[in-house]
1. Once every DSSP H run of n ≥ 4 in the chain is given -39500 (n - 2.57) and the sum is divided by its residues, what mean residue ellipticity at 222 nm do you get, rounded to the nearest 500 deg cm²/dmol?
2. Per residue, how large is the accessible surface of region 148-235? Use a 1.4 angstrom probe and give square angstrom.
3. How many angstrom separate the Cα center of region 116-169 from the Cα center of region 229-285?
4. Scan region 256-315 for trypsin sites (Lys or Arg not before Pro) in coil per DSSP, keeping those whose Cβ has at most 13 other Cβ atoms within 10 Å, and list them by number.
5. Could you provide, to the nearest whole Å², the per residue accessible area of region 459-526 with probe 1.4 Å?
6. I need the phi-derived Karplus couplings for region 460-477: 6.51 cos²θ - 1.76 cosθ + 1.60, θ = phi - 60°, integer Hz, Gly and Pro marked x.
7. Any idea what angle helix 269-280 forms with the longest principal axis of the chain, computed on alpha-carbon atoms, 0 to 90 degrees, nearest 10?
8. Classify region 216-295 as rounded, prolate or oblate from the Cα gyration tensor: take a ≥ b ≥ c as the square roots of its eigenvalues, call it rounded if a/c is under 1.5, otherwise prolate when a/b beats b/c and oblate if not.
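The values are calculated or read from the model by the stated rules, or taken from the named source; none is laboratory data. In this text the structure is predicted, and so the values were computed from the model without any measurement. Every residue, glycine as well, gets a Cβ built from its backbone with ideal geometry; the counts of neighbours run over all protein chains shown. The protein model used for the area step is the full one, side chains on, heavy atoms only, and it has no ligands, DNA or RNA in it. Shrake-Rupley method; radii C 1.70, N 1.55, O 1.52, S 1.80 Å.
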Amino acid sequence: QPSVDFFTHEVMIHPVTNRPADKRSFIPSLIEKEKVSKLVHAIKMGWIKPRKPKDDTPTYYDLWAHEEPGSILGRHKMHVPAPKMKLPGHEESYNPPPEYLLSEEEKLAWEQQEPAERRLNFVPRQYRCLRAVPAYSRFIHERFERCLDLYLCPRQRKMRVNVDPEDLIPKLPKPQDLQPFPTVQALVYRGHSSLVRCLGISPSGQWLVSGSDDGTLRFWEVSTARCMRTLPVGGVVKSVAWNPNPTVCLVAVAVEQSVLLVNPCLGDKLLYGATDQLLESYVAPEEERVQPVRWDTATPEEHAKGIRLIIRHSKAVKQVTWHGKGDYFASVVSDNGNMQVLIHQASKRWSQNPFRRSKGLVQCVLFHPLRPYFFVATQRYVRVYNLLKQELTKKLMANCKWVSSMAIHPGGDNVICGSYDSKLAWFDLDLSTRPYQMLRHHKKALRSVAFHRHYPLFASGSDDGTVIVCHGMVYNDLLQNPLLVPVKVLKGHALTLDLGVLDVIFHPTQPWVFSSGADGTIRLYT
């Protein structure tokens, strides 16, 4: 409906409502009176100040007036006064002495010079009186250049810190104070016709075993470099490991798709005889157990060579390593499934696969020297497993592209990893999962790293043909960080096929290091 505007367009005689007006509409309000009296009282007492009238005159003030001259933010803290112009000399005179005037040749030379090279930027002239002096032609030009100099040149006093460069180098002890460590090449063990991939040493330190690409295993006497036995195994020897238990004389050898347990029959006859008796005392269980590998006893011909047991795998084996007690050993297979790492027990001839899933390509594995931990190095990470609880304890990030080798400190709290991008990472397991220190001493890929069992030494062998021995002191005091000092670069191996040192291993008791190279030799440094 259209709205009708009742109240405005028609003038009415009667009011809209006929209600009588309130009394309060014509009596002064008491509440308001009370409020006003309170405000008047406050103004009288000076509690309420009346508003000041606004002053519209603009104010100017000195921006830098309240600044202490020595304050850090002082605008003129580093003020350098503008360089003064050179005062005019005799050349600028309107009537200079004759020796200041240029000859014709000098004038020609002056004109041919670059403006920046000229000693004077004008040619001295002679006038008979001041009235004859013309206006200076380059006046505006020179003023302009002076202005540019003043405002474009940043004039600031730079405080130089005087540091002695010697103080920036960390204070390391002298290598002479860190002796003993290997310094000279003492013996060369020759006999292999191809590159020597791996080394192992007996717990007594009397015998050395080496495996080579020429398909043989050689046993050497350490002190004389005499080859005691040569064992042809019919394939490339990828890894050898001498049993660390001094009461057992047994060597594990990785050849192609099998691991051989070899009794070298060296040294004490009682010792190696007892080892054979131990292996022969095995009684097969009644029921056949499902195993990931096949355990075969050696044929009579192989037994005569020294081979006692053959553990046949499905793929090529690339590493074997013993547990410190000498009964269990682990093997790494070149596979990408979950069968990469196997743990075997020699006395019970029993093998098991500890991992359900594979976590990448396994490069090498190691047993912890004291606790039931198992280290598995993949390309980028080192995983530490607890074998009793069967769980992952730690995952170390190696910060390198491809881990090649690892070694555990005999104390068990530090690990070193060598990598193919020529870095060596030292991990402190109590400290962090990242490397405590990265050592970049080698020029090429690291092939092998090793710790000494008793001395604070570790060594790394690389494709640049050198072995670098470092002093790695781990303190019993947990607050003190390990001290890592490179002490010696050992050279001697010739580069062959771009390969240098393939394996390094320390003597169990002496501060000696053995290295095997692609040139087919083994070298002992003492």
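1. Numbers: 7 runs with 65 residues, N = 526.
Here the helix-only value at 222 nm equals -3500 deg cm²/dmol.
2. Details: 5470 Å² over 88 residues.
The answer is 62 Å² per residue.
3. Measuring centre to centre over Cα atoms gives 88 Å.
4. Numbers: sites: Lys269, Arg289, Arg294, Lys305, Arg308, Arg312, Lys315; in loops: Arg289, Lys315.
Passing sites in region 256-315 are Arg289.
5. Working: 2470 Å² over 68 residues.
So region 459-526 comes to 36 Å² accessible per residue, rounded to a whole number.
6. Taking θ as phi minus 60°, the curve returns 9, x, 9, 6, 7, x, 10, 10, 9, 9, 10, 8, x, 8, 9, 8, 5, 5 Hz for region 460-477.
7. 80
8. Values: a/c = 2.81, a/b = 1.37, b/c = 2.06.
Cα axes put region 216-295 in the oblate bin.
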